[in-house]
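Below is one structure, written out as structure tokens; comments come after it.
The values are calculated or read from the model by the stated rules, or taken from the named source; none is laboratory data. The shown structure was predicted, so the numbers you read here are calculated from the model rather than taken from an experiment. Note: ideal-geometry Cβ built from the backbone for every residue, glycine included; neighbour counts use all protein chains shown. Only protein heavy atoms, including side chains, enter the accessible area calculation; ligands, DNA and RNA are left aside. Shrake-Rupley method; radii C 1.70, N 1.55, O 1.52, S 1.80 Å.
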Amino acid sequence: ASDTVISPTAPLSSSTVPFVGGKLFINGVAQDAPSDMKLSDVYGCCASTALSADECPEGTDSEHQRLLTPTKIGTMPQMTKEQALQALQSAVTAWNGGSGTWPQMALSERIVAVKKFMSELQHKREDIVQILMYEIGKNRLDAEAEFDRTMQFAEKTIEYINKSKEFGSGWDASNGSTRLFLSRAAIGVVLCLGPYNYPLNETYATLIPALLMGNVAILKLPTVGGLAHLLTIEAFSKALPPGTINFISGSGRTTMPPLMESGKVDSLAFIGGSNAADKLIKGHPEPHRLKLFLQLEAKNMGVYMPDLFESGSDEHMERIMKETIAGTLSYNGQRCTALKLLFVPKGHSEQFANMLAEKVESMSVGLPWESTNSKYSQITPLPNQGRVEYMKALIADAVEKGARIVNKNGGMIVGAGGGGGESTLMIPAVLYPVTPEMRVYNEEQFGPIVPIAPYDSLDEVTKYSREGKYGQQVSIFTSIANEASAQLIDQFSTVFGKININSQCGRSPDTAPFSGRRSSAMGVMSVMNALHEFSIPTVVSYKDVGNNDEIVKGIGGHSKFLQSTS
């Protein structure tokens, strides 16, 4: 197998390192953090310093002879409980029981405002791309794609509203003398908490639909990945009325419980871990009326059918391996939709592990802005040492219990110098054979570890799916149409939200429902479904008797809610 390709170090000067100063955004006012407010320094990857062979452990490859150290890229205000409650009060005032400026705007007016926000945000595209590279280690191509896909999601959402009959398309006369006008109206104050891995895209997939429907939002910035949001403040302040969106930053344990305990949060849009979600929900005094939208963990399986290894088609297998690499290690495996456990027939699992290891060894490993043969690094630094330590613990546990690292240098930290450095750039580890007693068999690794579990019978696979904690997606890889694959689809249809055939798991396209079962999700994300999640169907009706028709038409001429978007 070929050695792992390490991307060449690009020359960096201090002027190329972005810096975002901490700001507050409450009630439409952007301001620098007060002098007496605690600011947390934010560090990102990475300053690169070349080392000589003498400064590295004996036998270190030349491409590994550098030291990677975190560099300061910004500051983040650490808001207190009292400051978080100020943000909440701003949102409550802006909502005003549904009579605030934003919820009382016509839908067409809110669309104009959101379009203005998107237009203003385009001016910050390069700044946001830069900070995504440095703060969360996303390579340039992926960082650009995250920004662009976010804008496209918003555009598609507005396009759906304008074409749909759900948002005030006129009076329905198909129910005898009863006339019905159907549209959708806001829920209230929405608390949005987004993830670090897609801080812009995943957050805006809930935030933009919520705002379009007339809700008022409080955005809790993630501890990692929050700097990108500070770059959006100017665009929000220019486009939306004061109080329509407020930012909260700092410790979630300090700022979030008071908001939930107030009972003034009407909807929770949360993307993250189920334990944190449960704690937030339990803090609400009336959880029965808290509208929930949750996108949580996943342990998506890749199931490789026996026929795949018996077909003899190298071309088909090559396509499968390409999907497997993308599914397991795109953005270092830090995706909820990543393939996190591969089930392979025991008689072919050793062969498969070696094939996959060879593919992994050919991946470029480097910093987000570095490139090899005009292609950006495929494996980039993890966001912090905590993630590195968790990966190491999972690998050590699996090796102790009988697995081995199949690929060369798997799990090695690149750029640690003589050892003990601060680098978070980890070469992926292909683990084989992985068995049920190993932690990585059940825990979501959310990182560059590829566990391969050999199976004797598909019953083992279906048992895992039935008894598992999660139920987001699964991928089935096969070379022929047979009854075994059909039976798997039938059984998986009541376990997972999406079944992929011969392709990796993923959220796209944005027009398709993105759902999950069990501890993976509550609510559905898509262009259409997100609008539903953050609104209530609202009906106005009358009986077409006497002069009711004339009265209602007169009212409709003055009502913003009764306006049609078409």
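Data table
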{"read-out": "Residues that are part of a strand (DSSP E or B) and surrounded by fewer than 13 Cβ atoms within 10 Å (Cβ to Cβ), drawn from region 537-557", "value": "P537, V539, K543"}
{"read-out": "Unique match (being at negative phi, acidic (D, E) and open to solvent by 70 Å² or more (accessible area, probe 1.4 Å)) among E166, E159", "value": "E159"}
{"read-out": "Positions within region 520-536 being open to solvent by less than 30 Å² (accessible area, probe 1.4 Å) and assigned to a loop (DSSP other than H, G, I, E, B), in sequence order", "value": "S520, G523, S526, F534"}
{"read-out": "Matching residues, region 87-111, being free of Cβ contacts under 8 Å to residues at least 12 places away in the same chain and over 30 Å from S169 (Cβ atoms)", "value": "Q89"}
{"read-out": "Test: residue in region 91-110 that is closer than 25 Å to I248 by Cβ, in a loop (DSSP other than H, G, I, E, B), in contact with a strand residue (DSSP E or B) (Cβ under 6 Å, 6 or more places away or on another chain) and not aliphatic (A, V, I, L, M)", "value": "no"}
{"read-out": "Selection from region 452-473 of residues that are farther than 20 Å from S515 by Cβ and touching a Ser or Thr at 6+ places or on another chain (Cβ under 9 Å)", "value": "I452, A453, P454, Y455"}
{"read-out": "Flag if R335 is assigned to a loop (DSSP other than H, G, I, E, B), at negative phi and open to solvent by 10 Å² or more (accessible area, probe 1.4 Å)", "value": "yes"}
{"read-out": "Which listed residue, of L394, L329, is under 18 Å from E146 (Cβ atoms), assigned to a helix (DSSP H, G or I) and within 23 Å of the chain's Cα centre (by Cα)", "value": "L329"}
{"read-out": "Selected residue (only one of V129, V114 is without any contact (Cβ under 8 Å) to a residue 60 or more places away in the chain, open to solvent by less than 40 Å² (accessible area, probe 1.4 Å) and out of contact with any His (no Cβ under 9 Å at 6 or more places or on another chain))", "value": "V129"}
{"read-out": "From the options T324, T254, T232, T244, residue that is in contact with a helix residue (DSSP H, G or I) (Cβ under 8 Å, 6 or more places away or on another chain), at pLDDT 95 or above, among the β-branched types (V, I, T) and open to solvent by 40 Å² or more (accessible area, probe 1.4 Å)", "value": "T254"}
{"read-out": "Only one of S311, S330, S267 that is within 23 Å of I136 (Cα to Cα) and of a type in the set (S, T, N, Q)", "value": "S330"}
{"read-out": "Test: residue in region 489-507 that is part of a strand (DSSP E or B), within 23 Å of D278 (Cα to Cα), open to solvent by less than 70 Å² (accessible area, probe 1.4 Å) and at pLDDT 95 or above", "value": "no"}
{"read-out": "Evaluation of I413 against (1) out of contact with any Pro (no Cβ under 9 Å at 6 or more places or on another chain); (2) within 27 Å of Q473 (Cβ to Cβ); (3) open to solvent by less than 40 Å² (accessible area, probe 1.4 Å) (one fails), failing number", "value": "(2)"}
{"read-out": "Those residues of region 508-519 which are assigned to a loop (DSSP other than H, G, I, E, B) and more than 17 Å from E146 (Cα to Cα), in sequence order", "value": "A512, P513, S515, G516, S519"}
{"read-out": "Residue list for region 508-519, filter: open to solvent by less than 50 Å² (accessible area, probe 1.4 Å) and not aromatic (F, W, Y)", "value": "D510, A512, S515, G516, S519"}
{"read-out": "Positions within region 150-175 being within 22 Å of the chain's Cα centre (by Cα) and free of Cβ contacts under 8 Å to residues at least 60 places away in the same chain, in sequence order", "value": "T150, M151, A154, E155, I158"}
{"read-out": "Residue identified as crowded, with 22+ Cβ neighbours inside 10 Å, farther than 27 Å from I131 by Cβ, hydroxyl-bearing (S, T, Y) and in contact (Cβ under 8 Å) with a residue 60 or more places away in the chain among Y432, Y441, Y455", "value": "Y432"}
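Condition check ((1) under 14 Å from A87 (Cα atoms); (2) open to solvent by 10 Å² or more (accessible area, probe 1.4 Å); (3) out of contact with any Cys (no Cβ under 9 Å at 6 or more places or on another chain)) across all residues:
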residue: L200; (1), (2), (3): no, no, yes
residue: P222; (1), (2), (3): no, yes, yes
residue: S249; (1), (2), (3): yes, no, yes
residue: G273; (1), (2), (3): no, yes, yes
residue: A276; (1), (2), (3): no, yes, yes
